[in-house]
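Chemist: One structure coming up, written as structure tokens, with questions to follow.
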């Protein structure tokens, strides 16, 4: 899946669909959709520090905002 930056409108749209899916009991689908939203850079950095790079990469989160803030090589530093 392509990781990309999103507008606030796009994030809100995804979050509303995520909420609807959760209400319908479609937890796995909701979680997968939620992870398409860019993870905040500072949360991504915390996950890298405390859970490791491999876990972060395997988590499926969109890391576009972290890359934009910290640079393309941030996971290797």
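Chemist: Got a sec? Which helices (runs of 4 or more DSSP H) wholly within the range 34-74 have at least 1 residues that are touching a residue at least 24 places away in the same chain (Cβ under 8 Å) and over 10 Å from the mean Cα position of the chain (by Cα)? Talk me through it step by step, then tell me what you get.
Modeler: Numbers: elements: 41-51, 53-58, 64-70.
Output list reads 41-51, 64-70.
Chemist: For the range 63-75, give me the residue count where each residue is under 20 Å from residue 34 (Cα atoms) and surrounded by fewer than 17 Cβ atoms within 10 Å (Cβ to Cβ).
Modeler: The total comes to 1.
Chemist: What number of residues within the range 15-33 satisfy the criterion of being farther than 17 Å from residue 3 by Cα and in contact (Cβ under 8 Å) with a residue 12 or more places away in the chain? First the steps, then the outcome.
Modeler: Filtering the range 15-33 for residues farther than 17 Å from residue 3 by Cα gives 16-30.
Add one more test, that the residue is in contact (Cβ under 8 Å) with a residue 12 or more places away in the chain, and what stays is 17-18, 21, 30.
Of the residues in that region, 4 qualify.
Chemist: Of the numbered conditions (1) out of contact with any strand residue (DSSP E or B) (no Cβ under 7 Å at 6 or more places or on another chain); (2) surrounded by fewer than 17 Cβ atoms within 10 Å (Cβ to Cβ), residue 5 satisfies every one except a single condition; which is it?
Modeler: (1)
Chemist: Could you list, in sequence order, the residues of the range 1-18 that are in contact with a helix residue (DSSP H, G or I) (Cβ under 8 Å, 6 or more places away or on another chain) and at pLDDT 95 or above? Before the answer, list the steps.
Modeler: The initial filter retains those residues of the range 1-18 that are in contact with a helix residue (DSSP H, G or I) (Cβ under 8 Å, 6 or more places away or on another chain), namely 3-6, 14-15, 17-18.
Selection gives 5, 6, 14, 15, 17, 18.
Chemist: Name the residue that is nearest to residue 12 (Cα to Cα), counting only residues in the range 42-62 that are in contact with a helix residue (DSSP H, G or I) (Cβ under 6 Å, 6 or more places away or on another chain) and surrounded by 17 or more Cβ atoms within 10 Å (Cβ to Cβ). Don't jump to the end; show me each part of the working.
Modeler: Applying the first criterion (in contact with a helix residue (DSSP H, G or I) (Cβ under 6 Å, 6 or more places away or on another chain)) to the range 42-62 yields 44, 47-48, 53, 56.
With surrounded by 17 or more Cβ atoms within 10 Å (Cβ to Cβ) added as a condition, the list becomes 44, 47-48, 56.
Working: 44: 20, 47: 23, 48: 26, 56: 23 Å.
Per the criteria, the residue is 44.
The values are calculated or read from the model by the stated rules, or taken from the named source; none is laboratory data. All figures in this text were calculated on a predicted structure; none of them were measured in a lab. No Cβ is skipped: glycine too gets one built from the backbone with ideal geometry, and neighbour counts run over all protein chains shown.
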